[in-house]
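Have a look at the structure below before the remarks.
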Amino acid sequence: MKHKLFRSGSFGSKLFSTLASAVLCTQFALGAAQRKGEQVELETTLKVRVDLVNVITTVTEGNGRLVPNLNKEDFLVEEDGRKQDVSYFAREVTLPLTLALLIDTSPSVQPVFDLEKQTAIEFLHSVLRKKDLALVMNFDRGVSLVQDFTADIRRLSKAIQSLGIGGGTSVHDAVFLASDEKLKQETGRKAIILISDGGDTTSKVKIKDAIESAQRADVIVYAISNRAGGPFFGGGGDDGTLKRYAEATGGRAFFPSKPQDFKKAFEAIQEELRSQYILSYTSTNSLRDGGYRALKVSLPNQKNLKVRAKKGYYASKG
């Protein structure tokens, strides 16, 4: 059963809690200690700083090959131009994932719709591991939750297979609602897999609001275009929209031109999700004004490598 996600006041809600981020890093630290066989004792009262920032980072060579073996000392993190001291560092190969699969069901995707569904199912079979969760949403004129968070591949596959073509395209609404109503409440690594041509015709929110919602939820957006202008895909769309979502959140946009490239895009996302780093720090800016903070992650001594991370985040307020 599909559940419409629009609800009263959903677009006016801009609440953001970084408590989850603080707890997240505590969980990461505990997990690392447990893997090393260390004894871990917890206080009955946990005190956390609400300005703890987590930055998921991907590093590649010039040819796009992933670089998974760097150390904390290799990275430089700057917030609004000021160097930040990284307090926690981890390679993201085994930590749990929470995924939101957003599938465009507008009329323009009809020629590739069956391929989209088949490849999305194969992707979930490949990427999901124990303790990972995923949900399925579709969007055309409206946005619907087809399958809520679950680790059950059978239920996710059934949800994808049940999708049909509708009218209109609400890309921005889909990203906003997936971030604001579902992923914001989750901890750990979070990603949206957005399958669309990027051409929005019926959204109620603007792209800047959808991007802000994803940034507030600490979500990485991976976009796969189903229109690349090649012999396989055709029609309209907006490649720039998909690029904006990916670049703002530290993700990546793919533009397949033939069937095998569509599958390769999913394979690239799968590999990247298992080859990332987390850099956590306590911000030197103690103001809790809800303002936007620009981020830059670099490798000062590795000029030949490319670093990809979110462009910024929103501080807590009050």
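Quick note: the coordinates plus some simple rules give every number you see, no bench work behind them. Everything numeric here is computed off the predicted structure, so don't read it as measured data. Note that each Cβ is placed from the backbone with ideal geometry, even for glycine, and that neighbours are counted across all protein chains shown.
Just how far, in whole angstrom, is segment 257-314 from segment 154-175 if you go by their alpha carbon centroids? Using only Cα atoms to place each centre, the spacing works out to 27 Å. What does the C-alpha gyration tensor say about the overall shape of segment 194-292? Classify as rounded when a/c is under 1.5, otherwise prolate if a/b is larger than b/c, or oblate. Cα axes put segment 194-292 in the oblate bin. Placing a pseudo-label 7 Å from each Cα along the Cα-to-Cβ vector at Ile165 and Ala151 gives an inter-label distance of 3.8 nm.
Does segment 115-245 classify as rounded, prolate or oblate by the C-alpha gyration tensor (a ≥ b ≥ c root eigenvalues; a/c under 1.5 gives rounded; else a/b over b/c gives prolate, otherwise oblate)? Before the final figure, lay out the partial values.
Numbers: a/c = 1.60, a/b = 1.15, b/c = 1.39.
It comes out oblate by the Cα gyration axes.
Note on Lys263 and Ser298: the model spin-label points, each 7 Å out from Cα along the C-beta direction, lie 4.2 nm apart. The value of relative contact order for segment 94-273, using C-alpha pairs under 8 Å at least six residues apart, is 23 percent. For a 31 Å ceiling on Cα separation, which of these pairs sit above it: Lys190/Lys303; Lys184/Lys296; Lys117/Lys190; Lys117/Lys184; Lys158/Lys208; Lys204/Lys303? With Cα atoms farther than 31 Å apart: Lys158/Lys208; Lys204/Lys303. Annotation: for a label point projected 7 angstrom from Cα along Cα→Cβ of Arg65, residues of segment 291-314 with backbone N closer than 20 Å are 299, 301-308.
For a protection proxy built on the mean count of beta-carbon atoms within 10 angstrom, sort 60-67, 291-298 highest first, please. Numbers along the way, then the final one.
On the way: 60-67: 11.4, 291-298: 15.8.
Result, highest mean Cβ count within 10 Å first: 291-298, 60-67.
For Asp289 and Lys306, compute 0.36 nm times the residue count separating them, minus their Cα-Cα distance, and round to one decimal in nm. All intermediate terms of the calculation are to be shown ahead of the outcome.
On the way: separation 17, 0.36 × 17 = 6.12 nm, distance 3.20 nm.
Result for the pair: 2.9 nm of gain on full extension.
Taking a point 7 angstrom from the Cα of Asp80 along the C-beta vector, which residues in segment 289-318 have backbone N less than 17 Å away? Inside the label zone: 289-297, 311-318. Packing-based ranking of 269-279, 137-147 yields 137-147, 269-279, ordered from highest to lowest mean Cβ neighbour count within 10 Å.
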